[in-house]
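Engineer: Next up is a structure, given as structure tokens.
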Amino acid sequence: MRQGRKIVPLNLDCDLVGHPTFTFSLSKEAQVFASEILDDTFSLKLSIDLGPEGGHLASLHGPPDLVELFSTLQLQVRCDIVADGYNVLDQDALDTPEVSSESRGKLLEALDLCDGDRVLDLMCGSGTTSQVLLEYAEESAIGISLSMCDTHYSQLRRIDPKVREGAVDITLGDARALPYETESFDVVLLKMGLHEVPQLDQPLVMREVFRILKKGGRFIIWQLLPTTGVWQDVFTDIVRKTSMLARCESQAFNRYFPRDDQLTWLFKNAGFAEYEQIFKVDFSYSTRARLDAELAGDSSKLEILNNFARDRAPQEVRDSALWRDTGEDILLKVPACIYRTYKPL
Ligand SMILES: C[S@@+](CC[C@H](N)C(=O)[O-])C[C@H]1O[C@@H](n2cnc3c(N)ncnc32)[C@H](O)[C@@H]1O
């Protein structure tokens, strides 16, 4: 049985600008080869992102032995490339929970920053959380080395110049195959990022965080965590429907919001021993707020989204999510939590 998945960077010369879906042709020989080795359990996937200066960065995902074989044989793989939401929109498709003064305090308590700490803001987006860390370090006269990493150049280029100056490096990298040395960070922060990768890839992210942390290092994760399976399915479907209406296909396909108990499993599976919940607050999701953020002001799309949500949500979810339907807007709450864990000494 093949275990695990691997990501191999590939270089593509093709100009994909303006072509959100693209098909690589597959030679006859490759078709036979692929049909023999790929089955329902294993698939290969190519994802693509716009890099600096409009270059294309692509990665092949799949079981390690197959990925190596494909790379060695330099076979062409037939695959569909979907429109990547972060390149379609010019802001985060899911508003990240605001860093209110209460959550800022709890985040800083969880981070417990010390002089000399090497800190990674993983899936940093446009750097709003990094800004909080840098401001705190300055106020408290603590010297930290802050690295920032995100897989989308479209996000990194929105980082404020002051934050850019304060960071020691800003790296275009995938959380599933991090471009950092083993045991090189004292602290890794992952805020509102884990749900961005498919369920199958979430253990890879956690293992990568474990690998790059020093022994005794801290991992702080801030994540929306639906508490039941039904709630998780309904919320994920509403977010995915929004992404499809916004033509952000990659987010619709990839996103998976883990439950609290799944996060616990992910910690353990990666090797983290103990973990504690530092903070829990209700995040308010509003369909109306998606109108400008994702649906380009198209009220017919908002109506489709609202009707979808009404059809999809059973009473038990409406009760636990404090569901409110004003006709034009549907509001629901999802727990947002900050957890802290350590890499064992
Ligand atoms: C919802 S935003 C959160 C940004 C930031 N952490 C915050 O809380 O403001 C999620 C970020 O994850 C990034 N992302 C998605 N998939 C990623 C991956 N596989 N590796 C690294 N970053 C990824 C996206 O580009 C996006 O910037």
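Each value in this text was obtained by applying a stated rule to the coordinates, not by laboratory testing. Fair warning: this is a prediction, and the values are worked out from it, not measured in the lab. Neighbour counts are summed over all protein chains in view; Cβ atoms, including those assigned to glycine, are modelled from backbone coordinates with ideal geometry.
Engineer: Here are Tyr180, Tyr136: which of them is crowded, with 19+ Cβ neighbours inside 10 Å and of a type in the set (Ser, Thr, Tyr)?
Structural biologist: Tyr180
Engineer: Pull up segment 168-217, narrow it to residues that are within 12 Å of the ligand (Cβ to nearest atom) and among the charged types (D, E, K, R), then point me to the one that is nearest to Ile278 (Cα to Cα).
Structural biologist: Lys191
Engineer: Please go through segment 172-201 and pick out each residue that is under 22 Å from Lys343 (Cβ atoms) and touching an Asp or Glu at 6+ places or on another chain (Cβ under 8 Å).
Structural biologist: The answer is Gly173, Ala175, Arg176, Ala177, Leu178, Asp186, Val187, Leu189, Lys191.
Engineer: Specify the residue that is nearest to the ligand (Cβ to nearest atom); the eligible residues are those in segment 114-127 that are under 15 Å from Ile220 (Cβ atoms) and surrounded by 20 or more Cβ atoms within 10 Å (Cβ to Cβ).
Structural biologist: The residue in question is Met123.
Engineer: Might you check whether a residue that is out of contact with any helix residue (DSSP H, G or I) (no Cβ under 9 Å at 6 or more places or on another chain), within 26 Å of Arg247 (Cα to Cα), of a type in the set (S, T, N, Q) and surrounded by fewer than 13 Cβ atoms within 10 Å (Cβ to Cβ) occurs anywhere in segment 295-315?
Structural biologist: yes
Engineer: Then there is this: Among the residues of segment 128-157, write down those that are in contact (Cβ under 8 Å) with a residue 40 or more places away in the chain and within 11 Å of the ligand (Cβ to nearest atom).
Structural biologist: Residues satisfying the conditions are Thr129, Thr151, His152, Tyr153, Ser154, Gln155.
Engineer: Take segment 246-294 and flag every residue that is among the basic types (Lys, Arg), surrounded by 18 or more Cβ atoms within 10 Å (Cβ to Cβ) and in contact (Cβ under 8 Å) with a residue 60 or more places away in the chain.
Structural biologist: Arg255 - this is the single residue of segment 246-294 that is among the basic types (Lys, Arg), surrounded by 18 or more Cβ atoms within 10 Å (Cβ to Cβ) and in contact (Cβ under 8 Å) with a residue 60 or more places away in the chain.
Engineer: Counting residues that are within 26 Å of Pro344 (Cα to Cα), which strands (runs of 3 or more DSSP E) fully inside segment 133-202 reach at least 3?
Structural biologist: Hits in segment 133-202: 145-150, 185-191.
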